[in-house]
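So the structure is just underneath, and the comments pick up after that.
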Amino acid sequence: MEHQQSLVKRFWIYQKERFPIFGHGPLIFIFTFSAISYSRICRGAEGFIAWKHFLIGCFTSFSLFLLLRILDEFKDQEDDAKYRSHLPVPRGLVTLSELKVLGIFVFIIQFALIAYYQTTMLGLYLGVIIWLFLMTKEFFAKAFMRDRLILYAASHMLIIPFVDLYISGLDWKLEGESMHLGLILFFLVSFFNGLVLEVGRKIRIPEDESEGVQTYSSLLGATKSTYLWLALLSTTFGIAAYAIYFASLPSISYILLGVMFSLSAFVALRFLNDMQSKKAKHIEIMAGIWTLLMYATIGGLPGLIQYFL
């Protein structure tokens with residue numbers, strides 16, 4: 001029985017199913033590096049931030065999304081128990097009490113590191129924590145929010161710009177500077193890209209829909225939800241292209257972004273032409289690849305070239 005295994009082993013199984021370290025880790029690392037690099041490029045700052053602050057930023061960014069996963073387990077516990085008994089908490093792999101202890105432990109480490117090494121960042125960090133709390137409480141309007149899936153998703157995706165604000169602050173805030181206006185473009189890219197990921201993982205063919213599981217395809221239909229995904233992808237592409245222009249990044253950035261956009265759009269159009277379960281899954285996979293390479297293009301690679309090569 002799974003619940004009889006050691007706590008470490010059970011948490012290891014939990015992360016593989018609900019928050020895979022080796023899946024989310026590289027994306028969050030590039031996301032963090034990209035936000036800092038884009039901020040410094042916009043400001044014309046020389047060199048990179050201190051590695052101590054970068055590593056704390058990577059840990060905080062990663063563990064904030066882990067906290068979001070844990071808090072979602074509490075928020076969704078009733079629906080999971082009713083409709084998704086295969087998930088780790090309903091089937092007894094881990095308990096909510098154990099996840100609560102883990103969440104508190106993660107929060108204490110985050111707070112201690114920032115309070116000791118990055119005291120001026122506490123305000124930005126606590127802003128993220130407050131938004132996380134409001135998300136968990138579904139903004140004290142549960143019925144209203146759940147009846148409006150798109151509004152629900154948009155309100156939850158705002159957590160990404162909040163995390164962006166903290167991460168970019170490792171550049172400008174720690175150096176006593178004001179936030180560069182160019183970061184608004186980065187925040188917008190992050191927001192819409194979060195929606196690309198969210199919608200992309202919830203497009204299914206009718207045969208794959210499950211009772212009690214809200215998807216965009218069940219709300220809008222597979223065709224309309226795919227067009228919605230293409231619209232969000234196109235919006236993200238347009239803002240990212242302008243972010244490249246604004247920061248005067250190399251021309252190769254436009255090419256890389258354009259290639260990735262074309263491949264992503266092709267996957268969606270192929271699904272529209274032939275709706276199969278595996279092709280719906282390809283949209284979810286492509287959303288993740290697009291996200292990884294898009295952040296690499298607008299901040300990751302330019303920063304790597306400028307500061308380390």
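The values are calculated or read from the model by the stated rules, or taken from the named source; none is laboratory data. Note that the structure is predicted; figures quoted are calculated from it, not measured. Cβ sites come from the backbone with ideal geometry, for glycine too, and all protein chains shown count toward neighbours.
Here is how the numbers come out for the structure above:
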quantity	calculated
Cross-chain or 6+ apart pairs with Cβ under 6 Å, the stretch 258-285 first and more than 13 Å from Thr226 (Cα to Cα), then part of a helix (DSSP H, G or I)	Met260/Trp290; Met260/Leu293; Phe261/Phe237; Ser277/Asp208
Meets criteria (at pLDDT 95 or above and β-branched (Val, Ile, Thr)) for Ile21	no
Test result for Ala243, touching a residue at least 12 places away in the same chain (Cβ under 8 Å), within 13 Å of Thr223 (Cα to Cα) and among the hydrophobic types (A, V, I, L, M, F, W, C)	no
Candidate set from the stretch 13-48 (those that are of a type in the set (Gly, Ala, Ser) and closer than 16 Å to His180 by Cβ); member that is surrounded by the most Cβ atoms within 10 Å (Cβ to Cβ)	Ala35
Filtered residues of the stretch 209-240 (kept if closer than 26 Å to Glu78 by Cα and either crowded, with 18+ Cβ neighbours inside 10 Å or not hydroxyl-bearing (Ser, Thr, Tyr) (or both))	Glu209, Glu211, Gly212, Val213, Gln214, Thr215, Tyr216, Ser217, Ser218, Leu219, Leu220, Gly221
Matching residues in the stretch 75-90 - criterion: being in contact with a helix residue (DSSP H, G or I) (Cβ under 6 Å, 6 or more places away or on another chain) and either of a type in the set (A, V, I, L, M) or in a helix (DSSP H, G or I) (or both)	Lys75, Leu87, Val89
Checklist (1) in contact with a Leu (Cβ under 7 Å, 6 or more places away or on another chain); (2) within 25 Å of Leu249 (Cβ to Cβ) applied to Val199, failing item	(2)
Residue within the stretch 242-255 that is exposed (fewer than 15 other Cβ atoms within 10 Å of the Cβ), at positive phi and hydroxyl-bearing (Ser, Thr, Tyr) present	yes
Within the stretch 154-180, tally of residues that are of a type in the set (Gly, Ala, Ser) and assigned to a helix (DSSP H, G or I)	4
Single unsatisfied condition, Met260 versus (1) at pLDDT 95 or above; (2) of a type in the set (A, V, I, L, M, F, W, C); (3) more than 17 Å from Leu27 (Cα to Cα)	(3)
Which listed residue, of Ile114, Ile130, is touching a helix residue (DSSP H, G or I) at 6+ places or on another chain (Cβ under 6 Å), at pLDDT 90 or above and assigned to a helix (DSSP H, G or I)	Ile114
Conditions (1) in contact with a Gly (Cβ under 6 Å, 6 or more places away or on another chain); (2) over 15 Å from Gly299 (Cβ atoms); (3) among the hydrophobic types (A, V, I, L, M, F, W, C); number of the one not met by Ile160	(2)
Check on Phe107, among the aromatic types (Phe, Trp, Tyr), farther than 30 Å from Tyr245 by Cα and in a helix (DSSP H, G or I)	yes
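Quick grid of which residues meet (1) modelled with pLDDT of 95 or more; (2) in contact with a Lys or Arg (Cβ under 9 Å, 6 or more places away or on another chain):
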{"residue": "Phe140", "(1), (2)": "no, no"}
{"residue": "Tyr152", "(1), (2)": "no, yes"}
{"residue": "Phe192", "(1), (2)": "yes, no"}
{"residue": "Ser210", "(1), (2)": "no, yes"}
{"residue": "Gln214", "(1), (2)": "no, yes"}
